[in-house]
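Notes follow the structure.
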Amino acid sequence: MGKLLTSTESLEMSLSNELEAQGVSRRSFLKFCTAITAAMGLPATMVARVADAITSPTRTPVIWLHFQECTGCTESLLRATHPTVEELVLDMISLDYSETLCAAAGHQVEKSLNDSAKLNEGKYILVVEGSIPMKEDGIYCKIADRTALDILNDYGSRAAAIVAIGSCASWGGVQSASPNPTGATGVNEIIKDKPVINLPGCPASPYNLLSTILYYLTLGKLPQLDSKGRPKFAYGRLIHEHCERRPHFDAGRFALEFGDDNHREGYCLYKLGCKGPETYNNCSSILFGDVGSGAWPVGTGHPCFGCSEEGVGFTKHIHEQADVFTDSPPASYAQISGDKPGGVSIAGAAVAGAVGGVILGASAVAAKKMKSEETAPESDA
Ligand code: FSX
Ligand code: SF4
Ligand code: F3S
């Protein structure tokens, strides 16, 4: 992709043709724009502007740094489809430096990094993947003989804004798990004089990166952030709120062991340690995972382990039961063992009805809606 074209119209046509060549019709593209507009919490009237932002010939320069991490965030972006999120992201930006994707190496690639930072000073977006080791003067992560800390301070100070992609860059992630041997730290603990947008998740959802960049390109400003620096449109709701298994939670139907009958029935994974009730992310509404319908951790039968939530993922034990903030049955709520969906006992139905009736209804509608929509993210606004 990435032909040099003279007008927006021809670029739009080119994008359309190229998407079609990849099996993505213009109709699918517009459907995708509609879905991503809703995911950003923007009204449907903004769909055309979002499509324009995607097809705009102006590309925002991006420098993408890697520190302590597994490259899962980049991989997750590159492996995404519906429709080819990585193509859309790479079409919207000018990715001037990325250690994973660059063809050059050694001094050549260092030169292109420095040239881009100089040329686009104050204008580029710095994407940081990975945590920054602070112990022993940062010696645990060095690139081209410079510590991650030095590199971050250098390119961070010259950026327009910084996107910390993944839990590692957002708050330290897996490397910061006790005893945190390298002193792994998130970007916003270090950079205090620049906007830092956190997109936690291990890996981060590529849709959250796409929609954050798109929001910026469409409206020319950064999205509203919560107290942890996360875009509210993506991290404003608990996973538990939109989970397809939520009606089972509300009715007290839980898997008790991996592979037991209740697990096979698709019951709630709370008692297996699901951290959906205390993890803010949109995995349950956009079915992040992208290897088929319903493929997100809980959709595949694995409890959410709170990978995106500081103080939960890599902190709480996998099997530990989550704190429940929502108005729902407590963990001690009697299990309705063996009940099939719709076959709740009278006592169970009474309790579930009393404490979770409204939520149950809302969740059932949400679950049905999600199933009927291939890839459409829901608005978190
Ligand atoms: Fe890996 Fe990204 Fe986890 Fe971290 O991810 S998927 S270790 S959040 O920085 O590559
Ligand atoms: Fe879904 Fe987990 Fe909540 Fe159960 S506890 S409804 S599996 S998010
Ligand atoms: Fe992570 Fe839980 Fe989503 S484990 S990917 S936050 S469902």
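Among the residues that make up segment 186-203, is at least one of them outside the structural domain of ALA322 (by TED's automatic domain parsing), within 16 Å of ligand 3 (Cβ to nearest atom), of a type in the set (D, E, K, R) and within 22 Å of the chain's Cα centre (by Cα)?
Restricting attention to segment 186-203, the residues satisfying the condition of being outside the structural domain of ALA322 (by TED's automatic domain parsing) are 186-203.
Filter once more, so that each one left must be within 16 Å of ligand 3 (Cβ to nearest atom): 198-203.
Remaining after also requiring of a type in the set (D, E, K, R): none.
Within segment 186-203 (the criterion being outside the structural domain of ALA322 (by TED's automatic domain parsing), within 16 Å of ligand 3 (Cβ to nearest atom), of a type in the set (D, E, K, R) and within 22 Å of the chain's Cα centre (by Cα)), the answer is no, since none of the residues qualifies.
Against the definition (closer than 18 Å to THR300 by Cα and surrounded by 23 or more Cβ atoms within 10 Å (Cβ to Cβ)), how does PHE249 come out, yes or no?
Working: closer than 18 Å to THR300 by Cα: yes; surrounded by 23 or more Cβ atoms within 10 Å (Cβ to Cβ): yes.
Against the criterion (closer than 18 Å to THR300 by Cα and surrounded by 23 or more Cβ atoms within 10 Å (Cβ to Cβ)), PHE249 qualifies.
Between PRO200, PRO181, PRO206, PRO133, the distinction of being over 17 Å from THR60 (Cα atoms), modelled with pLDDT under 95 and within 16 Å of ligand 1 (Cβ to nearest atom) belongs to PRO206 only.
Taken as a whole, the condition of being farther than 30 Å from PHE305 by Cα, surrounded by 15 or more Cβ atoms within 10 Å (Cβ to Cβ) and of a type outside the set (A, V, I, L, M, F, W, C) does not apply to GLU99.
Just wondering, is there one or more residues in segment 259-267 that are within 16 Å of ligand 3 (Cβ to nearest atom), touching a helix residue (DSSP H, G or I) at 6+ places or on another chain (Cβ under 9 Å) and either among the small types (Gly, Ala, Ser) or farther than 30 Å from LEU214 by Cα (or both)? So far as segment 259-267 goes, yes, one or more of its residues are within 16 Å of ligand 3 (Cβ to nearest atom), touching a helix residue (DSSP H, G or I) at 6+ places or on another chain (Cβ under 9 Å) and either among the small types (Gly, Ala, Ser) or farther than 30 Å from LEU214 by Cα (or both). Restricted to segment 289-305, and to residues that are within 15 Å of ligand 1 (Cβ to nearest atom) and at pLDDT 90 or above, which residue is surrounded by the most Cβ atoms within 10 Å (Cβ to Cβ)? Of everything passing the filter in segment 289-305, CYS304 is surrounded by the most Cβ atoms within 10 Å (Cβ to Cβ). Each residue in segment 215-245 was checked for being within 16 Å of ligand 2 (Cβ to nearest atom), in a helix (DSSP H, G or I) and among the aliphatic types (A, V, I, L, M), and 1 of them qualify.
For the structure I just gave you, tell me whether THR326 is at pLDDT 95 or above and either within 11 Å of ligand 3 (Cβ to nearest atom) or closer than 26 Å to GLY41 by Cβ (or both). No, not satisfied.
Given segment 97-214, what strands (runs of 3 or more DSSP E) lie entirely inside it while holding 3 or more residues that are of a type outside the set (D, E, K, R) and without any contact (Cβ under 8 Å) to a residue 60 or more places away in the chain?
On the way: elements: 125-129, 161-165, 196-199.
Answer list for segment 97-214: 196-199.
The values are calculated or read from the model by the stated rules, or taken from the named source; none is laboratory data. All of these numbers come straight from a predicted model, not from anything done at the bench. Here Cβ is always computed from backbone atoms with ideal geometry, including for glycine, and neighbour counts include all displayed protein chains.
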